[in-house]
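Beneath this line is the structure, given in structure tokens, with notes to follow.
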Amino acid sequence: MPSLGPTELIIILVIVLLLFGVGRVSRIGGELGSAVRNFREGLQNGGEKKSEDASEQPKA
């Protein structure tokens, strides 16, 4: 399968901008970036959060 060259990527970008508009594309990009950042933080701090949550729960 051939890879996409710079010309194809530019054409795809122009089509996406025409379909969605600049404002919506930038908003989607920001949301995607924050989702990736939260996912990475969750992977790094997943074990620590679980142990902290377990120690914060009151014992009955």
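Taking Cα atoms of region 1-44, Rg/Rh with Kirkwood Rh, to two decimals?
Result: Rg/Rh = 1.15.
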**Request:** Subtracting the Cα-Cα distance from 0.36 nm times the residue separation, let me have the gained length for Arg37 to Leu9 in nm, one decimal.
**Result:** 7.6 nm
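Every read-out reported here was derived from the displayed coordinates using simple, explicitly stated rules and does not represent laboratory data. Just so we're clear, the structure is a prediction, and the values are computed from it rather than from any experiment.
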